[in-house]
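Worksheet: one structure, shown below.
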Amino acid sequence: MSFHALALHPQLLKAIDELGFQTPTPVQQQAIPHVLAGKDIMAGAQTGTGKTAAFGLPLLHQMLESPAQVQAAGRPTVRALVLTPTRELAQQVFDSLITYSKHTELKVAVAYGGTSINVQVKALEAGVDILVATPGRLLDHAHVGTVDLSKIEYFVLDEADRMLDMGFIVDIKRIMKRIKNERQTLFFSATFGKQVKDLAYSILEEPTLIEVTPSNSAADTVEQIVHPVDKNRKRELLSYLIGSRNWQQVLVFTRTKQGSDELAKELGLDGIKAASINGDKSQGARQRALEEFKTGKVRALIATDVAARGLDIEQLGYVVNFDMPFKAEDYVHRIGRTGRAGLTGRAVSLMSIDEEPLLRAIEDLLDKRLPQEWLEGYEPDPTIQAPEHLRRGRSSEKRRAKAKSKIHKNRGRNTSRR
Ligand code: ADP
Ligand code: MG
């Protein structure tokens, strides 16, 4: 199947051809006809499956088919709103839409926090066809009246699961109140837990369900391996892996912001150029780190889950879990950063003994065991044990609770016998 078979506007096909896209990805093949037919959709697809074009192309097409009414006096209107959880993701979706629409006159704008609001106000002034925004900054604009959401015809929620993880539910509800009910809604999420489903059903109308990869299953193109190692030797092992295996571009996940900064510094001392990217940094600093990583100036980019959201780095070969994620879903998102668009990637997890329960949660979610391998010279020290409370079924608290319930049972029996 080609993009031409999807009957998209010639000006869009021209841009697609120039981008070198040959065949639509599965989510694009499935979503585009439904969006063109005006249906709501609820799509489950991993990162890197091409969701931006899956909603972007048919939206742009519909706008070309029915041009905007001439802007009446009043507040600047928006025809389509795309909500994304992070600034990086907003910027990335915006860049893609600009590229897809380069041979059209359509106006696309972006609004997120951490940058000047005035520049955004200027871009919105005359009204726009598509606005890509993060929830907080969008509400700022709506409150001061620099944007009018009441005329929105198309509403896209990108990465809805992450949006909820980041606590945006209240903001989303506030935004929904400003949008009219007659609209087309496109809902995307990599995972579909209860909270995500509840939100989906509250804002979608008779949606077409699209599931590209079973939700919660990691991309098949990613080879996954777990290396058990002592916590205090993780950094040493990471430097060794990067050096000895000659990894030139590796994305490393830590759980905390401080952890990402410290690790970047320590890798630097080991002679490996590294940069960190986290929510404490200014937008400029994050963009710079990303640029250096993309251009190969730094070999390792150390990121927290939130900061990494929306990074689109082409042909990323290696993802390392320096800390196992607290939430099993985050594992799916993390490894989705590699093996993008059909390429093979490797996801390497460095797991200390206290993180075993986190691995079990991931394996439960994926419904499969991940292969484990000890690396010579880095075998875990067998005398180090997990903290008492993490040892499964052996916790003293559990034992005490069990003993207690036994006493109760025995008592019960005793009384009944009497
Ligand atoms: P997602 O939003 O699902 O994470 P993106 O829309 O960011 O995925 O796309 C991931 C990458 O795949 C981008 O680099 C994009 O340019 C590329 N891509 C998207 N669609 C196609 C296609 N049909 N053919 C080739 N590459 C594509
Ligand atoms: Mg995306």
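Read-outs: derived from the displayed coordinates by stated rules, not from any lab. Keep in mind it's a predicted model, so treat the numbers as computed, not measured. Cβ coordinates were reconstructed from backbone atoms using ideal geometry, including for glycine residues, and neighbour counts include every protein chain displayed.
Points to keep in mind about this one:
- Overall, the anisotropy analysis places segment 222-366 in the rounded class: the square-rooted eigenvalues a ≥ b ≥ c of its C-alpha gyration tensor yield a/c less than 1.5.
- The helix-only estimate of mean residue ellipticity at 222 nm for the chain, built from DSSP H runs of length n ≥ 4 each weighted as -39500 (n - 2.57), is -12500 deg cm²/dmol after division by the residue total.
- Total formal charge among the other residues, if their Cβ is under 12 angstrom from that of residue 279, Lys/Arg +1 and Asp/Glu -1: +1
- Derived scalar couplings ³J(HN,Hα) [segment 371-376; Karplus, 6.51 cos²θ - 1.76 cosθ + 1.60; whole Hz; x for Gly, Pro]: x, 10, 8, 7, 9, 4
- Given R0 = 35 Å, the distance between the Cβ atoms of residue 4 and residue 126 translates into a calculated FRET efficiency of 0.60.
- Extended-chain gain in nm, criterion 0.36 nm per residue less alpha-carbon gap, residue 344 and residue 379: 9.9 nm
- Contact order, relative form, for the chain: 17 percent (alpha carbon pairs under 8 Å, 6 or more residues apart, mean separation divided by residue count).
- With the charge dipole of segment 3-211 set up from +1 on Lys and Arg Cβ and -1 on Asp and Glu Cβ about the Cα centre, the Cα lying farthest toward the positive end among the listed residues 209, 169, 96 is that of 169.
- Using 0.36 nm per residue and subtracting the Cα-Cα separation, the extra length available between residue 66 and residue 143 on full extension is 24.8 nm.
- Among 384, 353, 277: highest mean-square fluctuation, GNM of the chain, C-alpha pairs under 10 Å: 384
- Approximate spin-label separation residue 173-residue 201, in nm, with each point projected 7 Å along Cα-to-Cβ: 1.7 nm
- Cα→Cβ-extended label distance, 7 Å offset, between residue 98 and residue 354, nm: 4.4 nm
- Max mean-square fluctuation residue, GNM over the chain, Cα-Cα springs under 10 Å, options 159, 236, 223: 236
- Per the Debye formula on identical point scatterers at the alpha carbon atoms of the chain, with no solvent, log10 I(q)/I(0) at q = 0.11, 0.13 Å⁻¹ is -0.86, -1.13.
- Across 248, 28, 385, mean-square fluctuation computed from a Gaussian network of the chain (C-alpha pairs under 10 Å connected) peaks at 385.
- Here the gap between residue 372 and residue 183, fully extended at 0.36 nm per residue and compared with their Cα-Cα distance, gives a gain of 63.2 nm.
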